[in-house]
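Asks: The structure that follows is given in the form of structure tokens.
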Amino acid sequence: MLLLLAFAFALMGQRDPILVPEVSQHEVQVRQGFTGTELLLFGAVLDPQGRAAGSDYDIVVVLKGPSEPVRLREKERFAGVWINAASSDFRSVPSYFAVASSRPIGEIVDEKTAAIYEFGTDYIQLSPSGVIDPDEQARFKAGLVDLKTRQELYKQDFGGVQISEQVLYQSRISLPSNVSTGTYTAETFAVRDGRVIASALAEVEVRKVGFERLVAESSQEWSLIYGLLAVALSVGMGWAAGRLFALI
């Protein structure tokens, strides 16, 4: 009871608004023939007493997929043939990254704040392995972002958040069919006068189900048996195809 009273008094003394976020789907199931889905991120901005915040503010939503190591290779034309040239390793790269905001980011915050909170693909914080020249690192980072963007895994929509009566907000973000499985974080930020005044986090689990899940788990838990079965299946299908064409 004393803890609840202390928490209530703390909220009464708080002036910044409170974000109450929600996601239309907390679990996305990837089945055979999965063509992607659309997430609705919505919520409300309230004052500490639970009423409408009532002041002008902007909303920025950042949806990130699980991080993974990536090796990026640069192609170079040599004697009329494209070959692998320089390469760069990144220890932690979001498998998916999307940003939506109520206005262009440049009109909401300065570049320093945008970099701190990763408000855009230009501000994604990557972790290169080893020592790398800053110019070369920037080139590889731009190449990585461009590649992910063309794969529809990185996207930004400056104007994709709608705010109703300075209380409710909503944004729709699509997940393509080639998304990675794992835990996705949807972080919502309320910004006023160039300062982040509130933030809240929601999670979305993307997982494979059915036969796809069985295959994925088998390849990880029984990798040797899975590899042998894959080789045997390939040999068997090749032999069967050869016999079929021989009969024809």
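The values are calculated or read from the model by the stated rules, or taken from the named source; none is laboratory data. Values in this document were obtained by computation on a predicted structure and should not be read as measured data. Every residue, glycine as well, gets a Cβ built from its backbone with ideal geometry; the counts of neighbours run over all protein chains shown. Ligands, DNA and RNA are excluded from the accessible area calculation, which covers all protein heavy atoms including side chains. Shrake-Rupley method; radii C 1.70, N 1.55, O 1.52, S 1.80 Å.
Asks: Net charge around Asp58, counting only other residues with Cβ within less than 9 Å of its Cβ (Lys, Arg = +1; Asp, Glu = -1)?
Replies: 0
Asks: Let me ask something additional. Got a number for carbon plus sulfur as a percent of segment 2-208's accessible area, 1.4 Å probe?
Replies: 50 percent
Asks: Using the Cβ atoms and a cut-off under 12 Å, what net charge is assigned to the surroundings of Val99, where Lys and Arg are +1 and Asp and Glu are -1?
Replies: Surrounding charge for Val99 is -2.
Asks: When we measure straight from the Cα of Lys112, which lysines land under 30 angstrom away, once same-chain ones fewer than 8 places off are left out?
Replies: The reachable lysines, counting only those whose Cα sits under 30 Å from Lys112, are Lys64, Lys141, Lys148, Lys155.
Asks: Top to bottom by accessible area (1.4 Å), largest first, where do Leu40, Leu144, Leu233 land? Show your work: numbers first, answer last.
Replies: On the way: Leu40 35, Leu144 5, Leu233 110 Å².
Putting Leu40, Leu144, Leu233 in descending order of accessible area: Leu233, Leu40, Leu144.
Asks: Take the alpha carbon gyration tensor of segment 2-208, find the square roots of its eigenvalues, order them as a ≥ b ≥ c, and report rounded if a/c is under 1.5; if not, report prolate when a/b exceeds b/c, else oblate. Spell out each step's value before the answer.
Replies: Numbers: a/c = 2.33, a/b = 1.81, b/c = 1.29.
Prolate is the answer for segment 2-208, as a/c is 1.5 or above and a/b outweighs b/c.
Asks: If you consider only alpha-carbon coordinates, what radius of gyration and Dmax does segment 127-177 have, in Å?
Replies: My reading of the Cα-based Rg and Dmax gives 16.7, 50 Å.
Asks: Please sort 161-169, 97-105 by packing, taking for each peptide the average over its residues of neighbouring beta carbons within 10 angstrom, highest first.
Replies: Output ranking for 161-169, 97-105: 97-105, 161-169.
Asks: Taking H placed 1.01 Å from N in the peptide plane, check which residues at least 5 places from Ser129 or on another chain put their amide H under 5 Å from its amide H.
Replies: Answer set, sorted by chain and number: Asp89, Phe90, Arg91.
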